[in-house]
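A short worksheet on the structure shown next.
The values are calculated or read from the model by the stated rules, or taken from the named source; none is laboratory data. What you are looking at is a predicted structure, and each value in this text was computed from that prediction instead of being measured. Don't worry about glycine lacking a Cβ; one is built from the backbone with ideal geometry, like all the others, and counts go over all protein chains shown.
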Amino acid sequence: MSLYFAYLDTRSQVEELQREKARGAALRIELFIDTLVSQLRAVLLSRQGASPADLQEMQFELLRLLRAAPAVVDVAWIDANGVQQIKVSRLSGDELGAGRDLSGHPGVAAARAGMPYFGLVYFRQESEPYMSLAVAGRPDAGLALAEVNLKFVWEVVSAIRVGKAGFAYVVDAAGRLVSHPDISLVLGARDLSRFAPVSQFIAEAGSQPTDIIIGSASADGTQRPTLTSQALIPNLGWHVLVEQPLREAFAPLYASAARTGVLLLLGVLLSVAAGIVLARRMADPIRRLQEGASRIGQGRLQERVDIASEDELGALASQFNRMAEQLRESYSGLEQKIEERTRQLAAANQAKSRFLAAASHDLRQPVHALGLYVAQLEEAGSTAERDSLLAKVKASTGAVAELLEALLDISKLDAGVVMPQPVAFAIQPVLNRLEASFSIAAQEKGLRLRVRPSALRVSSDPVLLQRILMNLAANAVRYTREGGVLIGCRRRAARVRIEVWDTGIGISPEQRERIFEEFYQAPSVAGEGGRGLGLGLAIVERLARLLELDMLVRSTEGRGSVFEIELPFAREDAVTPGARVDTQLAMRFDGAVALLLDDDTEAREAAAGLLKQWGWRVLSCATGKEALAALGQPPVPLDVIISDYHLAQGEVGTQVIESLRQACGAQLPAILVSGDVQADLRDLAREAGIHLMFKPLQAAKLRSLLHHLLSRDEVER
């Protein structure tokens, strides 16, 4: 069995090496093409008008492109009408002014549609491969049409060495040979669409493709068993294939299997011989060991097992003796351990008291300010003064909501309510949301926020990971006075490291261990005058621990800090379809009917007023009995039920929702609102088919959930 598993492990390593070579070549080719597309788009951004001076400026930009991109042989700027205005070339003279009408060129039509155009590969003077590339800019900026020398692709393919006889080659989406170490095969326009590995790779493109195939023939026409792996270049539709003779590819596997077999046979022979010898010497020590263990089991802890041999039985006897001694010490030190545990519990209670005291202090501040602003608002005379006070009331209310939400997050994490839901997903959408969330705040402070794009994929909970990165980015922007913030990803073997850099005030070495405590702010941070609560990094630390992520902090006072988190890398074929996207809906719900239950009058009226502003018709009740009476006979058609968990007269929201569903004769969408942080409450709501939201509610999240429930209900109808 071990020989078989060794065979599988060695074969897996050989196949993975093949895959990595194909992926590496595909990545280099894709990066080469993407760089050219980016350079062409950058040139189009410089276009301002159609005057002679503007055309000369564009000609200068195109010439600079030729110097920056050696692979570009010819490049032309075509205006929005499809007329060539400028052309610069390495091989012929430049053209300035209106020229040919290229509106019928396939690249012009494709680029106008918003996608880069990649033409078919062709050869100039039967020597080097070329391809047409067209990229569009803004609607008034026209487009750029370039002829690209694909010698770089040939160099990449020719440089791949797989053993002694292996090689790599590239085919397009139709199976035509694009690049091969033997250029004569490419010049002969060889069609490999019927070659078994190529046809299978093309047929499975876009699904879950097979990335390694064992075939009976080679791409160069020779009849020999081969091992072929492939990697897809999505933008071009090309396939990079790496081929190696099967005998050469599995040569290490065969050698390893032979060595393993010999060693296994020797091990069996030695085991049989050792077993015969040891069986004759183990009977008496085993008997003494059994007797000694029986005495110790009877509570005679002063007894010892006397076996003087230095073999395994002697070691086992020594372990029994140490166990007996440790039991004696354990009994004698039991009171000391109880006292130590008592001290630990007292320390934990003190820590919880400090946490509650700090939370109470930070909560009283905005509440105190809110009361004063309300008093001023009652006596305000002018509209301008009232608007100013309303803005301050809104800010104080936001501070209270922010603190309560942070406290609720910490409570949910400590209570074990939050359960990670790891999936494989691309990291770029998360980076996009970070850039969209903080670009304006950074711009207002005069900071430069850079988020480096990444094609990496990771395995984790995307919502919790985004919360971690949001808190780190918020701290970086908040405590950086000049310079900028950089967010990027690095691949480290099977891990992905996400880094958040800033040029802020930095953290001293003695403060780095305390920055993850609740309500703690370093003196340098507190001196910034920010409105930080000291809870962001506490939430980050708990979330990282929950997701089992490694986190590292490096900082230099006065120069900045970097926070790093590492998480598992996910392969492209492991990405879970259907990424979760955060949206903020701005739609109305005119005509929809909601039943609202809450025994707190002010909370019920506030929620009802908000729903009415969104266009809902609201039936507002304090108890389930009132709700059943308000429905009437026949019941009023409802679209959603929103209920607090704890209602008056001892009623429970889940039970009331179930009785209302029975009265209406339908499984109505329902939302349960609770301030309790209980691990079993989420399971209770899930079993009842009810969506759970925690107080304090955020209007945007409630609106998004209502839109989701209403949209799903429409689809089911």
- Taking the range 241-287 as the search range and keeping residues that are in contact with a helix residue (DSSP H, G or I) (Cβ under 8 Å, 6 or more places away or on another chain), over 30 Å from Q230 (Cβ atoms) and part of a helix (DSSP H, G or I), which one is modelled with the highest pLDDT? L264
- With respect to R571, is the statement that it is within 16 Å of L469 (Cα to Cα), out of contact with any Gly (no Cβ under 7 Å at 6 or more places or on another chain) and modelled with pLDDT under 85 true? no
- So, of the residues in the range 208-258 that are of a type in the set (S, T, N, Q) and farther than 22 Å from R11 by Cβ, which turns out to be surrounded by the fewest Cβ atoms within 10 Å (Cβ to Cβ)? Q223
- Item | Boolean, V636 is assigned by TED's automatic domain parsing to the domain that holds L710 and either surrounded by 15 or more Cβ atoms within 10 Å (Cβ to Cβ) or at pLDDT 90 or above (or both) | no
- Is it true that some residue in the range 599-608 is within 19 Å of L705 (Cβ to Cβ), within 43 Å of the chain's Cα centre (by Cα) and among the β-branched types (V, I, T)? no
- Query: Mind checking whether some residue in the range 56-69 is in contact (Cβ under 8 Å) with a residue 40 or more places away in the chain and in a strand (DSSP E or B)?
  - Reply: no
- Only one of these conditions is not met by G615: (1) surrounded by 13 or more Cβ atoms within 10 Å (Cβ to Cβ); (2) within 23 Å of D590 (Cα to Cα). Which number is it? (1)
- Item | For L316: the one exception among (1) at pLDDT 70 or above; (2) assigned to a loop (DSSP other than H, G, I, E, B) | (2)
- Query: Taking the range 108-124 as the search range and keeping residues that are of a type outside the set (D, E, K, R) and under 18 Å from V178 (Cβ atoms), which one is farthest from the chain's Cα centre (by Cα)?
  - Reply: F123
- Message: Checking T228 against (1) within 18 Å of R19 (Cα to Cα); (2) in a helix (DSSP H, G or I): exactly one of these is not met. Which one?
- Response: (2)
- Message: Looking at the range 160-168, can you tell me whether even one residue there is out of contact with any helix residue (DSSP H, G or I) (no Cβ under 7 Å at 6 or more places or on another chain) and aliphatic (A, V, I, L, M)?
- Response: no
- Query: When you look at V148, is it under 26 Å from S193 (Cβ atoms) and β-branched (V, I, T), yes or no?
  - Reply: yes
- Item | Close pairs from the range 92-104: first surrounded by 11 or more Cβ atoms within 10 Å (Cβ to Cβ), partner among the basic types (K, R), Cβ under 7 Å, at least 6 apart | D94/K87; E95/K87; G99/K87
- Of the residues S132, S158, which single one is free of Cβ contacts under 8 Å to residues at least 40 places away in the same chain, among the polar types (S, T, N, Q), surrounded by 14 or more Cβ atoms within 10 Å (Cβ to Cβ) and not in a strand (DSSP E or B)? S158
- Screening A375, A347, A384, A357 for residues that are at pLDDT 75 or above and exposed (fewer than 12 other Cβ atoms within 10 Å of the Cβ) leaves only A384
- Item | Single residue of the range 430-462 satisfying the filter (surrounded by 15 or more Cβ atoms within 10 Å (Cβ to Cβ) and touching an Asp or Glu at 6+ places or on another chain (Cβ under 8 Å)) that is nearest to L27 (Cα to Cα) | R457
- Taking the range 628-643 and keeping residues polar (S, T, N, Q) and more than 25 Å from L702 (Cα to Cα) leaves Q633
- Query: What number goes with the only condition from (1) touching a residue at least 24 places away in the same chain (Cβ under 8 Å); (2) more than 21 Å from L8 (Cα to Cα) that L269 does not pass?
  - Reply: (1)
